[in-house]
Amino acid sequence: MNSLYLKIPHVVIISGVRRSGKSTLLTQIISGWFDEQFYYLNFEDERLISFSAEEDFDMLYQVFLELYGEQRTFFLDEIQNVQGWGRFVRRIYERGFKFFIRRQSI
């Protein structure tokens, strides 16, 4: 992991219009700083259409823990598709986790 990672804020939001390179930037961050020490979820996945921040984030976190062990960084892609996502991010951030969030601006 890159030492620059330790100096970044705990929540990094990559936002912009369609086709502006957000995915490329996120991929470069992942490949440049991380091996397999993070959680990644893309909310454009059609299986997550009915995903609810109120009900599903805690269950998702438990599944990540069981499958991958505890990681300290989340990559959440296209998060604007989930109503109320900020409450989950804030709660987990307050426990010392870091977030990289990619979202499309409107």
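Which condition does Trp85 not pass, out of (1) exposed (fewer than 15 other Cβ atoms within 10 Å of the Cβ); (2) under 12 Å from the mean Cα position of the chain (by Cα), if it passes all the others?
Status for Trp85: all satisfied but (1).
Residues that are among the small types (Gly, Ala, Ser), surrounded by 10 or more Cβ atoms within 10 Å (Cβ to Cβ), without any contact (Cβ under 8 Å) to a residue 60 or more places away in the chain and not in a helix (DSSP H, G or I): does the stretch 18-33 have at least one? Full working, then the answer.
Of the residues in the stretch 18-33, the ones among the small types (Gly, Ala, Ser) are 20-21, 23, 31-32.
Still in the running and surrounded by 10 or more Cβ atoms within 10 Å (Cβ to Cβ): 20-21, 23, 32.
Now narrow it down to the ones that are without any contact (Cβ under 8 Å) to a residue 60 or more places away in the chain: 20-21, 32.
Now narrow it down to the ones that are not in a helix (DSSP H, G or I): 20-21.
Yes; the residues of the stretch 18-33 include at least one that is among the small types (Gly, Ala, Ser), surrounded by 10 or more Cβ atoms within 10 Å (Cβ to Cβ), without any contact (Cβ under 8 Å) to a residue 60 or more places away in the chain and not in a helix (DSSP H, G or I).
Take the residues in the stretch 73-91 that are aliphatic (A, V, I, L, M) and touching a strand residue (DSSP E or B) at 6+ places or on another chain (Cβ under 7 Å); name whichever of them is nearest to Phe43 (Cα to Cα).
Taking the stretch 73-91 and keeping what is aliphatic (A, V, I, L, M), we get 76, 79, 82, 89.
Subsequent filtering for residues that are touching a strand residue (DSSP E or B) at 6+ places or on another chain (Cβ under 7 Å) retains 76, 79, 89.
Details: Leu76: 7, Ile79: 6, Val89: 14 Å.
Checked the stretch 73-91; the qualifying residue nearest to Phe43 (Cα to Cα) is Ile79.
Give Phe100, Phe38 a once-over and let me know the one that is surrounded by 15 or more Cβ atoms within 10 Å (Cβ to Cβ) and at pLDDT 90 or above. Break it down into steps so the answer makes sense when it comes.
On the way: Phe38 fails: at pLDDT 90 or above.
The conditions single out Phe100.
Does Gly21 meet the test of being among the small types (Gly, Ala, Ser) and touching a helix residue (DSSP H, G or I) at 6+ places or on another chain (Cβ under 9 Å)? Lay out the reasoning, then the answer.
Working: among the small types (Gly, Ala, Ser): yes; touching a helix residue (DSSP H, G or I) at 6+ places or on another chain (Cβ under 9 Å): no.
When the stated conditions are applied, Gly21 does not pass them.
The values are calculated or read from the model by the stated rules, or taken from the named source; none is laboratory data. Predicted model only: the values in this text are computed from it and were never measured. Virtual Cβ from ideal backbone geometry, glycine too; neighbours counted across all protein chains shown.
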